[in-house]
Amino acid sequence: MINVIGLGYIGLPTALMFAKSGMEVIGTDIDSELVKLLMQGKLVFKENGLENLFNEAVKNGIKFTTEYQKTDTYIIAVPTPYINSSKKLDPKYVISAVNTVLDLCVKGAVLIIESTISPGSIDKYIRPQIEKRGFIIGEDVHLVHAPERIIPGNMIYELEHNSRTIGADNPVIGEKVKKLYSRFCKGEIIVTDIRTAEMTKVVENAYRDVNIAFANELVKICRADNMDVYEIIRIANKHPRVNILQPGPGVGGHCISVDPWFLVGDYPDLTNLILTARKINDSMPTHVLGRIRDIMREHKITDISKVGIYGLAYKENVDDTRESPTLQLLKRMDEHLAFGVKVYDPYIKERIVDHQYMNFEDFLNEIEILVIMTAHDHIKENLDLIKGKLILDTRNICNFKNVYKL
Ligand SMILES: NC(=O)c1ccc[n+]([C@@H]2O[C@H](COP(=O)([O-])OP(=O)(O)OC[C@H]3O[C@@H](n4cnc5c(N)ncnc54)[C@H](O)[C@@H]3O)[C@@H](O)[C@H]2O)c1
């Protein structure tokens, strides 16, 4: 039996995939409200294919509880935020989960940590905890790090098709865990050591952050001299060895905007490029603010409540708002006493910010400037409705005339 610890964006789909594959799975979360909802068959976030997968897993007997289980296989998928002041990983959730597992696991149990952790975290935080408790690693318990690289919006497909990394102290255990994941994962599964697995995961996200920062820096250069950044990137990418990502209003989510900080926190003297990329991407909501100001000035609009922000989620077609560029933008507006801007996101059904609308047409009726922050399919399907507005399109999805871009 597998006990999956932490039933959020990563833990829940993973638990469901194992259950669908025929494994006996019990999902554990300390959030009793969440567990109650899951027991009632209610999902707390939207994801393509999640409902079907959930139903299949329930048919196969998956159970949800707040209690940790006595077993030989644990998958830990709890949060790993960074500490704002030091930019280092905050390992408290992982440490707490490991400690509770140690209270009841059977001898020889395999602890698979899926949470993203900074390189060296297992050596620094997890091994000492386990040894302090008198357990012998490699005998009483085995440690594995299996970082996850799925993307919200396409998680179920990617769980099945992505390549995976399994870092293990003992290659025999590594192969055993590889066999376990290959119950549902059709991608290549590479077995390596724990430190390499930790570093690889963080490197992947830092790479994307740097590439996006390059595109965002090009936005600023092109804006300064009125050049079309999208056309320039499109043409440059025709070069067989160039692949510039698309610029945007900032970088959000739980991975790309978080993980590079782990490297900056741990190697402050060695991370010039990574730190600069973080700063460029974090500066984009302020760039958007500047563009809103430009449009307001040009059209002599002085009332900020005539500005409507479309999209609270950090990326298209998901309801995940963590670290989202819009939340960063609203925070900066708030700091500059620019209250009253209106907000709408078809995926966010609860009111999480001031002046948030639940109905798209009511929202449109109240505003003159529409700022597209998230490229949900919903807006692409409703371009006809927004044509009369002044539009700042930070995602380059409107190709009609007179649309303002980054
Ligand atoms: N969300 C993503 O797109 C993504 C992608 C790849 C990797 N990751 C990594 O996966 C990990 C989990 O992220 P997430 O997005 O699923 O987080 P999440 O916040 O959605 O879910 C984490 C869950 O863990 C629970 N939890 C916290 N402490 C616990 C404990 N001690 N015991 C049991 N449950 C506990 C919380 O209640 C929560 O439900 C993080 O390290 C993250 O960096 C996330």
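The values are calculated or read from the model by the stated rules, or taken from the named source; none is laboratory data. Worth saying up front: this structure is predicted, and the values here are computed from it rather than measured. Quick reminder, even Gly has a Cβ in these numbers, built from the backbone with ideal geometry, and neighbours come from all protein chains shown. The protein model used for the area step is the full one, side chains on, heavy atoms only, and it has no ligands, DNA or RNA in it. Shrake-Rupley method; radii C 1.70, N 1.55, O 1.52, S 1.80 Å.
List of remarks:
- For region 80-94, a residue qualifies if it is more than 13 Å from the ligand (Cβ to nearest atom) and not polar (S, T, N, Q), and the qualifying residues are I83, K87, K88.
- Scanning region 61-99 for residues being hydroxyl-bearing (S, T, Y) and either in contact with a strand residue (DSSP E or B) (Cβ under 8 Å, 6 or more places away or on another chain) or at positive phi (or both) gives a total of 8.
- Criterion violated by E24 - all others in (1) open to solvent by 70 Å² or more (accessible area, probe 1.4 Å); (2) within 10 Å of the ligand (Cβ to nearest atom) satisfied: (2)
- First in region 35-55 and over 15 Å from G11 (Cα atoms), second anywhere and open to solvent by less than 100 Å² (accessible area, probe 1.4 Å) and modelled with pLDDT under 95, Cβ under 7 Å, 6 or more apart: L37/V44; N48/G153; N48/N154
- Flag for G340 being of a type in the set (G, A, S) and touching a strand residue (DSSP E or B) at 6+ places or on another chain (Cβ under 9 Å): yes
- Selection of first residues in region 6-23 that are of a type in the set (V, I, T) and of second residues that are assigned to a loop (DSSP other than H, G, I, E, B) and near the ligand (Cβ under 9 Å from one of its atoms), restricted to Cβ pairs under 8 Å at least 6 apart or on distinct chains, gives the following pairs, ordered by first then second residue: I10/A77; I10/E114; I10/S115; I10/E148; I10/I150; T14/A77; T14/E114; T14/E148.
- Of the residues making up region 2-21, those that are more than 13 Å from T73 (Cβ to Cβ) and within 10 Å of the ligand (Cβ to nearest atom) are G6, L7, G8, Y9, I10, G11, L12, P13.
- Of the set (1) closer than 30 Å to V264 by Cβ; (2) away from the ligand (no atom under 13 Å from the Cβ); (3) modelled with pLDDT of 95 or more, all apply to A97 but (2).
- Yes/no for L104 being more than 26 Å from the chain's Cα centre (by Cα) and within 16 Å of the ligand (Cβ to nearest atom): yes
- All positions within region 215-263 that are β-branched (V, I, T), within 16 Å of the ligand (Cβ to nearest atom) and touching a strand residue (DSSP E or B) at 6+ places or on another chain (Cβ under 9 Å): V258
- Residue check for G167: within 16 Å of the ligand (Cβ to nearest atom), in contact with a helix residue (DSSP H, G or I) (Cβ under 7 Å, 6 or more places away or on another chain), more than 29 Å from D90 (Cβ to Cβ) and at pLDDT 95 or above: no
- Helices (runs of 4 or more DSSP H) lying entirely in region 250-365 (those with 3 or more residues that are exposed (fewer than 15 other Cβ atoms within 10 Å of the Cβ) and either at pLDDT 95 or above or within 15 Å of the chain's Cα centre (by Cα) (or both)): 272-298, 360-365
- When residues in region 145-171 are screened for being assigned to a helix (DSSP H, G or I) and in contact with a Cys (Cβ under 9 Å, 6 or more places away or on another chain), 3 of them pass.
- K201 assigned to a helix (DSSP H, G or I) and within 30 Å of P249 (Cβ to Cβ): yes
- The residue of region 29-44 that is least open to solvent (accessible area, probe 1.4 Å), among those that are within 13 Å of the ligand (Cβ to nearest atom) and touching a helix residue (DSSP H, G or I) at 6+ places or on another chain (Cβ under 8 Å), is L38.
- For region 45-62, a residue qualifies if it is within 15 Å of the ligand (Cβ to nearest atom) and open to solvent by 50 Å² or more (accessible area, probe 1.4 Å), and the qualifying residues are K46, N48.
- Residues that are within 14 Å of the ligand (Cβ to nearest atom), surrounded by 16 or more Cβ atoms within 10 Å (Cβ to Cβ) and closer than 30 Å to L53 by Cα do not occur anywhere in region 180-195.
- Only residues that are among the acidic types (D, E) and touching a residue at least 60 places away in the same chain (Cβ under 8 Å) were counted in region 260-300, giving 2.
- Residue tally, condition basic (K, R) and surrounded by fewer than 19 Cβ atoms within 10 Å (Cβ to Cβ), over region 67-90: 2
- Some residue of region 333-341 being free of Cβ contacts under 8 Å to residues at least 60 places away in the same chain and aromatic (F, W, Y): yes
- For region 366-392, the tally of residues that are touching a helix residue (DSSP H, G or I) at 6+ places or on another chain (Cβ under 7 Å) and open to solvent by 70 Å² or more (accessible area, probe 1.4 Å) stands at 2.
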